[in-house]
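Chemist: Starting off with a structure, shown below.
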Amino acid sequence: MATSGFWKRRSLRVPDNQRTKAAELTLRDSLYPISLVTILFFLWGFSYGLLDTLNKHFQNTLGITKTRSSGLQAAYFGAYPLASLGHAAWLLRHYGYRAVFIWGLFLYGLGALLAIPSIIHHSFAGFCVCIFIIGNGLGSLETAANPYITVCGPPKFSEIRINVAQAFNGIGTVVAPVLGSYVFFNFDDQTALRNVQWVYLAIACFVFLLAGVFFLSVIPEITDADMAFQAAETHAGADDRPFRTQYRLFHAAFAQFCYTGAQVAIAGYFINYVTETRANTDSSLGSKFLAGSQAGFAIGRFGGAAMMHFIKPRKVFGLFMTMCIVFSAPAITQRGNTGLSMLFVVMLFESICFPTIMALGMRGLGRHTKRGSGWIVAGVLGGACVPPLMGAAADARGTGFSMIVPLCFFVAAWTYALAVNFAPPYRRVVDAFSTTDVGLRERQDGDDVENEGGKGAGAEISGVGSVDHGVGEDKPEVVNSEKV
């Protein structure tokens with residue numbers, strides 16, 4: 001019986017038409033699951049930062065052009081829509097968040113293991129295939145982790161929550177270039193390639209171990225019925241319309257495409273930029289500069305999250321997005337330390353844009369939340385499309401001039417920042433969630449279940465007596481189900 005209870009409690013399938021108390025998690029209840037999922041943000045930050053460093057490393061060791069080296073970004077980010085709109089989205093809607101976490105970690109580890117023989121045989125094409133598998137794994141993790149962090153806890157603080165979690169993503173992007181500067185660029189080509197193999201072996205071991213931790217952990221699952229309840233409580237009203245009419249969602253996905261493309265392009269060619277425009281700068285020093293700019297990126301996320309305690313998140317987002325445009329323009333013509341400092345400031349202001357677009361775009365989706373979050377994550381495809389354009393411009397006119405490419409995409413993403421701040425249909429939904437007290441007040445045990453159900457929560461309500469965050473513990477479940 002104990003064994004049967006163990007497997008039952010760790011079932012990966014969760015009915016989406018049942019409402020649980022996960023829709024009303026307090027800050028204390030959400031602490032453990034958020035901490036566990038935040039580890040995933042560090043993982044793909046590290047992987048992303050490693051990719052930017054490998055971009056320049058393979059140009060040196062394999063003698064490939066800037067345009068061809070962008071194949072790494074194309075393979076990595078091109079996999080995201082396949083995950084967020086395909087296999088990961090299907091798993092999320094039919095099983096739940098935890099199943100997608102485990103699936104994503106499995107793909108990540110598989111790709112890391114397969115990368116080793118590709119590196120041994122100096123196969124850039126084979127390595128790109130492995131990066132594509134890793135991209136599918138990380139795309140799966142983002143498909144689940146970003147919306148999970150956003151909805152796990154009081155909705156009033158969702159932008160703050162996701163920016164703090166994403167700050168650990170920024171820490172990962174700092175660690176990777178620093179590691180690369182010492183492991184990839186300070187050795188001969190053969191030794192450096194061998195070091196890459198060890199890095200990916202260590203990654204594979206860690207993510208498989210983490211997948212086991214997720215399987216053993218019992219974390220709250222947020223269902224479509226839970227999100228319909230939140231939308232009804234805030235009176236956002238967007239949930240009542242068919243999915244195809246959610247124009248705010250599709251605008252957010254477009255902004256995510258443009259913003260991510262610009263961010264990835266700048267980071268991917270950062271080392272090229274500083275080695276070409278700043279005197280006496282080699283790839284190793286350029287990698288250290290990249291790590292420094294990524295540190296500013298991480299600091300910006302913590303700072304931006306702190307600002308959101310006092311200023312509405314949409315206003316902070318509008319300010320940061322505007323500053324990206326203001327400071328990226330001079331980087332096109334300026335050289336030396338001036339151009340370098342412009343990129344440092346741009347990456348500081350990039351910090352909160354991705355997670356805040358994610359959080360704002362999911363506002364008011366209700367029962368469409370899981371499906372809609374996949375569309376916003378699919379916007380990461382911009383990271384596969386924009387770097388090749390910038391690489392072609394860099395090969396033709398130099399990396400400095402090529403900064404005009406991300407500038408154009410920043411301007412396109414800026415349209416969403418303007419909309420959430422100045423267009424009433426956008427602003428009304430966003431602000432409704434910023435003032436709700438869901439998760440901040442204790443519900444009375446005698447609350448009328450039928451009234452809650454009438455607020456759009458779903459056909460059935462499942463009231464879980466407590467949220468168990470233990471790992472490997474088997475306690476009796478107390479579940480009371482009542483038909484509405």
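Chemist: Within segment 95-117, does at least one residue satisfy the condition of being β-branched (Val, Ile, Thr) and open to solvent by 10 Å² or more (accessible area, probe 1.4 Å)?
Modeler: yes
Chemist: Before we move on, is residue 375 under 16 Å from the mean Cα position of the chain (by Cα) and of a type outside the set (S, T, N, Q)?
Modeler: yes
Chemist: Here's something else I'd like to know. Which of the residues belonging to segment 334-349 are hydrophobic (A, V, I, L, M, F, W, C) and either under 14 Å from residue 286 (Cβ atoms) or under 21 Å from the mean Cα position of the chain (by Cα) (or both)?
Modeler: Matches in segment 334-349: 340, 343, 344, 346, 347, 348, 349.
Chemist: Please tell me if residue 430 is at pLDDT 75 or above, out of contact with any Ser or Thr (no Cβ under 9 Å at 6 or more places or on another chain) and surrounded by 14 or more Cβ atoms within 10 Å (Cβ to Cβ).
Modeler: On the way: at pLDDT 75 or above: yes; out of contact with any Ser or Thr (no Cβ under 9 Å at 6 or more places or on another chain): yes; surrounded by 14 or more Cβ atoms within 10 Å (Cβ to Cβ): yes.
For residue 430, the condition - at pLDDT 75 or above, out of contact with any Ser or Thr (no Cβ under 9 Å at 6 or more places or on another chain) and surrounded by 14 or more Cβ atoms within 10 Å (Cβ to Cβ) - is met.
Chemist: Scan segment 116-123 and give yes if some residue there is in a loop (DSSP other than H, G, I, E, B), of a type in the set (Gly, Ala, Ser) and over 13 Å from the mean Cα position of the chain (by Cα), otherwise no.
Modeler: yes
Chemist: Taking into account only those residues within segment 359-416 that are assigned to a helix (DSSP H, G or I) and of a type in the set (D, E, K, R), which is least open to solvent (accessible area, probe 1.4 Å)?
Modeler: 370
Chemist: Another question about this same structure. Restricting to segment 27-49, name every residue that is within 27 Å of residue 293 (Cα to Cα), of a type in the set (A, V, I, L, M, F, W, C) and modelled with pLDDT under 80.
Modeler: Across segment 27-49, the qualifying residue is only 44.
Chemist: Against the conditions (1) in a helix (DSSP H, G or I); (2) at pLDDT below 85, where does residue 64 fall short? Just the number, please.
Modeler: (1) is the only condition that residue 64 fails.
Chemist: Additional query: Among the candidates 278, 244, which residue alone is out of contact with any His (no Cβ under 7 Å at 6 or more places or on another chain), surrounded by fewer than 24 Cβ atoms within 10 Å (Cβ to Cβ), modelled with pLDDT under 85 and not acidic (Asp, Glu)?
Modeler: It is 244.
Chemist: Let me ask another. For segment 379-421, name all the residues that are in contact with a Lys or Arg (Cβ under 8 Å, 6 or more places away or on another chain), over 15 Å from residue 254 (Cβ atoms) and of a type outside the set (D, E, K, R).
Modeler: 391, 394, 399, 400, 421
Chemist: Looking at segment 265-275, which of its residues are surrounded by 24 or more Cβ atoms within 10 Å (Cβ to Cβ), under 26 Å from the mean Cα position of the chain (by Cα) and part of a helix (DSSP H, G or I)?
Modeler: Residues satisfying the conditions are 265, 266, 267, 268, 270, 271, 273.
Chemist: Please work out which one of (1) at pLDDT 75 or above; (2) touching a Lys or Arg at 6+ places or on another chain (Cβ under 7 Å) is the condition residue 72 fails and give its number.
Modeler: Residue 72 satisfies every listed condition except (2).
Chemist: So if I check each of 181, 217, which one is modelled with pLDDT under 75, hydroxyl-bearing (Ser, Thr, Tyr), farther than 30 Å from residue 427 by Cα and surrounded by 18 or more Cβ atoms within 10 Å (Cβ to Cβ)? Can you show your working first?
Modeler: Details: 217 fails: modelled with pLDDT under 75.
Being modelled with pLDDT under 75, hydroxyl-bearing (Ser, Thr, Tyr), farther than 30 Å from residue 427 by Cα and surrounded by 18 or more Cβ atoms within 10 Å (Cβ to Cβ) holds for just one of 181, 217, which is 181.
Chemist: When you scan segment 330-347, do you find a residue that is of a type in the set (Val, Ile, Thr), buried (at least 22 other Cβ atoms within 10 Å of the Cβ) and part of a helix (DSSP H, G or I), even just one?
Modeler: yes
Chemist: If you don't mind, another one. Would you say residue 120 is within 15 Å of residue 44 (Cβ to Cβ), open to solvent by 20 Å² or more (accessible area, probe 1.4 Å) and among the aliphatic types (A, V, I, L, M)?
Modeler: no
Chemist: Moving on to the next point. Answer yes or no as to whether residue 58 is assigned to a helix (DSSP H, G or I), at pLDDT below 85, open to solvent by less than 30 Å² (accessible area, probe 1.4 Å) and under 21 Å from residue 169 (Cα atoms). Working first, answer last.
Modeler: Working: assigned to a helix (DSSP H, G or I): yes; at pLDDT below 85: yes; open to solvent by less than 30 Å² (accessible area, probe 1.4 Å): yes; under 21 Å from residue 169 (Cα atoms): no.
No: the conditions fail for residue 58.
Chemist: Between 13, 93, which is modelled with pLDDT under 80 and either part of a helix (DSSP H, G or I) or more than 30 Å from residue 156 (Cβ to Cβ) (or both)?
Modeler: Testing whether each residue is modelled with pLDDT under 80 and either part of a helix (DSSP H, G or I) or more than 30 Å from residue 156 (Cβ to Cβ) (or both) leaves just 13.
Chemist: Among (1) touching a strand residue (DSSP E or B) at 6+ places or on another chain (Cβ under 9 Å); (2) over 27 Å from residue 165 (Cα atoms), which single condition is residue 115 missing?
Modeler: (1)
Chemist: Evaluate the following for residue 166: is it more than 15 Å from the chain's Cα centre (by Cα), crowded, with 24+ Cβ neighbours inside 10 Å and in contact (Cβ under 8 Å) with a residue 60 or more places away in the chain?
Modeler: Here the answer is no, as residue 166 does not meet what is asked.
The values are calculated or read from the model by the stated rules, or taken from the named source; none is laboratory data. Nothing here was measured: the structure is a model prediction, and the numbers come from that model. Note: ideal-geometry Cβ built from the backbone for every residue, glycine included; neighbour counts use all protein chains shown. These accessible areas exclude ligands, DNA and RNA; they are computed on the full protein's heavy atoms, side chains included. Shrake-Rupley method; radii C 1.70, N 1.55, O 1.52, S 1.80 Å.
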